[in-house]
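Undergrad: Take this structure, written in structure tokens, and hold onto it; I'll ask about it next.
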Amino acid sequence: MISNDPNSGTLVLRLIDNSENKEWSNLKIHTLCFQETGNEDPLENECLGEELISRTNIGVNDQLTIRIKPGKYTGRILVREETFFFGNTVVSVGLFGEKLSSQANCEHLSGNLNGAISDISRCPGILIKPGKRTMIDFFVTNEKESFPLRAFWLGLFSKGLSGGSRQFSINHSKFHIYSE
């Protein structure tokens, strides 16, 4: 799948921080996984397919670039980051290869995945064309949701006060895919 062939295409992943305070200048990509099968948990760090990126930081001025053989691929990208002291989080999953109900680029929703409030982007497959760039932009939006009481009670009843849940808020985020 990864290729040095000059006829390969290029997958480019970028971080765009549109948050109010520009506090997410660097995020951790836990996995970029292609052709995954059998994974029932989108927040799973382990890739059950071909892992192209694992536990890699990306900054707002960076581009992660991977040369890939032409084709149409399914994939999953997991981005998870938190500020330890304040409990601010970005938890986002991009699922590529989804059947969408509209002609939208990606459909976005938020929900509780395994106890973590998470953003999910359901996107079409990743199409890699020879000599072309396929861009995946990851946007941290200025939309923020806080839930300190939920975090307190969840922490109290699941781990005790010392270990409580640190997810006091989430900066919402989304993926967008396009070809150049």
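Undergrad: For the subset of region 7-20 comprising residues that are outside any strand (DSSP E or B) and touching a strand residue (DSSP E or B) at 6+ places or on another chain (Cβ under 9 Å), which member is farthest from VAL79 (Cα to Cα)?
TA: Here the answer is SER8.
Undergrad: If only one of SER101, SER3, SER8 is within 25 Å of PRO130 (Cβ to Cβ) and at pLDDT below 90, which one is it?
TA: None of the others qualify; the one that does is SER3.
Undergrad: So for region 49-58 (the condition being touching a Gly at 6+ places or on another chain (Cβ under 7 Å) and either at pLDDT below 95 or farther than 16 Å from PHE138 by Cβ (or both)), does at least one residue qualify?
TA: no
Undergrad: Right, here's the next one. Hey, could you check region 91-108 for residues that are farther than 22 Å from LYS28 by Cβ and either part of a strand (DSSP E or B) or touching a residue at least 24 places away in the same chain (Cβ under 8 Å) (or both) and say which is farthest from the chain's Cα centre (by Cα)?
TA: LEU100
Undergrad: To continue, here is another question. Cβ-Cβ under 8 Å, sequence separation 6+ or interchain: first residue in region 110-135 and more than 19 Å from GLN35 (Cα to Cα) and touching a residue at least 60 places away in the same chain (Cβ under 8 Å), partner among the charged types (D, E, K, R) and part of a strand (DSSP E or B). Which pairs?
TA: As it stands, the answer is SER110/ASP119; SER110/GLU145, since those pairs meet every condition given.
Undergrad: If you check ASN112 against the conditions, is it of a type in the set (S, T, N, Q) and either part of a loop (DSSP other than H, G, I, E, B) or at pLDDT 95 or above (or both)?
TA: For ASN112, the condition - of a type in the set (S, T, N, Q) and either part of a loop (DSSP other than H, G, I, E, B) or at pLDDT 95 or above (or both) - is not met.
The values are calculated or read from the model by the stated rules, or taken from the named source; none is laboratory data. Nothing here was measured: the structure is a model prediction, and the numbers come from that model. Positions of Cβ are generated from backbone atoms using ideal geometry, with glycine treated the same way; all protein chains shown enter the neighbour counts.
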